[in-house]
């Protein structure tokens, strides 16, 4: 099968086995986004998963349908052609996927919004590093905060370009993610997301100036004025990358 749409086929059988063994998928409804040539699909089916695959490319869907005709007939595999960033996803409990690099962020946020029991996801290593960057450090960003607010994330292992065909120009990292309730209470999750996005849209400015600069585009003026009047100066004069999860919750919880 030929690769399209930012898809790099995983061809290293040892890597496939390592990924498939990171979660107990037996009897579970497992969402696989971008199954490609079906190598990971086969490993999941062999471990007793009920796989729900979503693939954007029609020719790949046709190829998978031929390769897995028996599993489809048995109901152990369904293949949906669609864009996983916006199409209606089939019911699932777990996610095991080699995500396309270009839409990793959109898909990750969408999966967290929908909810799942456990996920094993492959990302570009630079993306995965940003995902797990600790709050309060210079590498921390919107991705780091939003993911770590709602999930425990653990990098498992890296894969070299030689594990794929065609070879990407970057290394990849497999991550395990388990959703959790926020460590610090959040009164309004939608507002929390807007605050995090607003702050990291101007990450080199102070929190005070970030909030002021986001009035009208992301945040309401009356609320921003109230926040600035309420928060301690220590937070207002900090830069977003210097804040901790508790600080983001504190800001968004101002009523």
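The table below gives the values:
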item: Relative exposure of 195, 103, 215, judged by other C-beta atoms within 10 Å (fewest first); result: 215, 103, 195
item: Region 179-219 - convex hull of the alpha-carbon atoms, volume per residue in Å³; result: 93
item: For the chain, built as a Gaussian network whose Cα springs stay under 10 Å, the top-fluctuating residue of 131, 122, 218; result: 218
item: Ellipticity estimate at 222 nm from DSSP helix runs (n ≥ 4, -39,500 (n - 2.57)) divided over the chain, nearest 500; result: -10500 deg cm²/dmol
item: Acute angle (nearest 10 degrees) that the helix 58-67 long axis makes with the longest principal axis of the chain, alpha-carbon atoms; result: 50
item: Volume per residue of the C-alpha convex hull in region 189-252, rounded to whole Å³; result: 70
item: Principal axes of the chain: Cα extent on each, largest first, Å; result: 64, 33, 29
item: For region 187-216 and region 26-65, distance of Cα centres in Å; result: 39
item: Equivalent ellipsoid semi-axes, region 63-139, via Cα gyration tensor eigenvalues times 5, rooted, Å; result: 30, 13, 12
item: Where N is the number of residues in region 128-255, Cα Rg divided by 2.2 N^0.38 Å; result: 1.21
item: Angle in degrees between helix 189-200 and the longest Cα principal axis of the chain, rounded to the nearest 10; result: 80
item: Degrees separating the helix 221-230 axis from the principal Cα axis of the chain, which is the longest one; result: 70
item: The chain - share of DSSP beta bridges that are antiparallel (%, nearest 5); result: 45
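Each reported figure results from applying straightforward, stated rules to the coordinates on display, with no laboratory input. The structure displayed is predicted, hence computed values, not measured ones. FYI the Cβ positions are ideal-geometry reconstructions off the backbone, even for glycines, and counts take in every protein chain you see.
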